[in-house]
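Data block below; observations after.
We did not get these values from a lab; they are worked out from the coordinates using the rules stated. All figures in this text were calculated on a predicted structure; none of them were measured in a lab. Every residue, glycine as well, gets a Cβ built from its backbone with ideal geometry; the counts of neighbours run over all protein chains shown.
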């Protein structure tokens, strides 16, 4: 549960298509045990639907991550824009329990008709995070790997290479050299 909750009870009393717009800021939101979304700001538009409200969210914040190249920590900016349905579990007019939504793992309004946008932001942020985060200081630098192998000679030292106009000619020349070296003519 998060603090980014909005009461949509009054909106649920209106006709389908009615809207409410809100702005929000939040200092931090725990994403999991080690990651935290910080300095969160954004907007949400709730639209009344037949089964609850449709939330259209735009948010931004930063997550402290570890670079896979340098192992240094850096701030990864995150910008989200998503829409999702929040289903009612209690009928606003009668107070009776409504049937469960058919979709898998839906967002639901709680019994007080509060939409927990923070949980949606948490889930969509986790989807947005890079699998292999690279610090901005290392993003534009090519990665060079050096491999030392014994017994492999550099072909360019042994044979003079001529400029090749057709790229497939270079492949054919290499195959010919390879076949001659291995005794296949």
As a footprinting exposure proxy, order 46, 74 by other Cβ within 10 Å, with the fewest listed first. 74, 46
When the Cα centres of the range 71-130 and the range 1-52 are compared, how far apart do they sit, in Å? 8 Å
Just order 48-58, 115-125, 96-106, 22-32 by mean Cβ neighbour count inside 10 Å, highest at the front, would you? 115-125, 48-58, 22-32, 96-106
Which order results if 87, 178 are arranged by neighbouring Cβ count within 10 Å, fewest first? 178, 87
Taking only the Cα positions of the range 5-139, the convex hull volume per residue in Å³ is 113 Å³
